[in-house]
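Bear in mind that the values in this text are calculations on the coordinates, not laboratory data. What you see is a predicted model; the values in this text were computed from it and never measured. Cβ placement follows ideal geometry from the backbone for every residue including glycine, while neighbour counts extend to all protein chains displayed.
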């Protein structure tokens, strides 16, 4: 049975988390799932719950810069201090080299590297202050869409995790950027902090190398850029139950308009459309936004 806690009573969850309870937690980007770093059995269970490959390590959540000191070199720690002063707490995961090796570390280190994450969520930061570093990852089942809404978290993770910490819907709505500084700086996942901002800060050009097909939708999703492309999609799929997500250019059919902040609502809207039994195909409008484009590439049935 999964126990739920909120801001008002989260302190009651601390003893259970310290003992190794598998915990779903809020962040500013998406909900995550993790356990304390000292409990290797619980860390291993997270991979089973998520159906996640053991070759894909967890990130290490910390509440302040000092917590990072035990895991990375003094030189990298100085760099992390500078990064934290500019971007953290915030939607940025940073990969460094590490020599850290203790029981359970095999679940959150990989080939001599470690990913550090300091989320901008007051509730989770307070928990981390009490329990110490907590390895974790996004709470969705591997291949499924990230969970940004409380209701979706409860639907997917109830009776899977021991504890769910609830703190409303995510405020950013897309994942953290993953910056790899273990070798030549690269971005391994596009996220809320742009490559341009990181390049300017580090004073060097940073290449973006993100995985395509990061998620697997139940529905087919095709991307259009203009009226002609949408018209062609409608013609080719006229016998299907489609939804137009974006500018419909006057075409008839089921429609979902883009809100004022399409990025924030990205997973919220996509989850709703993907779970709608009356829809078989999604036509999604591409926007002049690098991150929005990257998110569409990660889910599109076909990208041209």
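Here r is the Cβ-Cβ distance between residue 290 and residue 155 and R0 is 30 Å; the resulting FRET efficiency, rounded to 0.05, is 0.45. The distance linking segment 101-125 with segment 206-266 is 35 Å (Cα centroid to Cα centroid, whole angstrom). Would you please classify the overall shape of segment 220-297 from the alpha carbon gyration tensor, given that a ≥ b ≥ c denote the square roots of the eigenvalues, rounded means a/c under 1.5, and beyond that prolate means a/b larger than b/c while oblate covers the rest? Here segment 220-297 falls in the oblate category. Against the chain, whose longest principal axis is taken from its Cα atoms, helix 74-87 shows a tilt of about 50°. Sequence-distant contacts, meaning Cα pairs under 8 Å at least 6 residues apart, place the relative contact order of the chain at 21 percent. Packing around the peptides 143-154, 47-58, taken as the average count of other Cβ atoms within 10 Å per residue, puts them in this order, highest first: 143-154, 47-58.
Under the classification rounded if a/c is under 1.5, otherwise prolate if a/b is larger than b/c and oblate if not, where does segment 71-126 fall, given a ≥ b ≥ c as square roots of the Cα gyration tensor eigenvalues? Show your work: numbers first, answer last.
Numbers: a/c = 2.42, a/b = 1.37, b/c = 1.77.
Cα axes put segment 71-126 in the oblate bin.
Our summary of shape: the Cα atoms of the chain have principal axis extents of 59, 49, 32 Å, ordered from largest down, in whole angstrom.
In this rough spin-label picture, where each label sits 7 Å from Cα along the Cβ direction, the residue 3-residue 100 distance is 2.6 nm.
Classify segment 140-298 as rounded, prolate or oblate from the Cα gyration tensor: take a ≥ b ≥ c as the square roots of its eigenvalues, call it rounded if a/c is under 1.5, otherwise prolate when a/b beats b/c and oblate if not. Verdict is oblate for segment 140-298. Once the Cβ-Cβ distance of residue 111 and residue 241 is raised to the sixth power relative to R0 = 41 Å, the FRET efficiency obtained is 0.35. Top mean-square fluctuation among 249, 77, 16, Gaussian network model of the chain, C-alpha springs under 10 Å? Top of the fluctuation ranking is 249. Nearest 10 degrees, 0 to 90: what angle lies between the long axis of helix 40-50 and the longest principal axis of the chain (Cα atoms)? Roughly 0 degrees, rounded to the nearest 10.
In segment 98-121, which residues have a backbone nitrogen under 20 Å from the label point lying 7 Å from residue 54's Cα in the Cα-to-Cβ direction? Counting only backbone N, you get 100-115.
Note on segment 1-98: Cα Rg divided by 2.2 N^0.38 Å, N the number of residues, gives 1.19.
In this rough spin-label picture, where each label sits 7 Å from Cα along the Cβ direction, the residue 44-residue 64 distance is 3.4 nm.
Once the C-beta distance of residue 184 and residue 11 is scaled by a Förster radius of 30 Å, the resulting FRET efficiency is 0.10 to the nearest 0.05. If you take the Cα centroid of segment 149-185 and the Cα centroid of segment 285-300, the two points sit 20 Å apart. Build a GNM of the chain with springs between Cα atoms under 10 Å apart, and of 239, 289, 158 the one that fluctuates most is 239.
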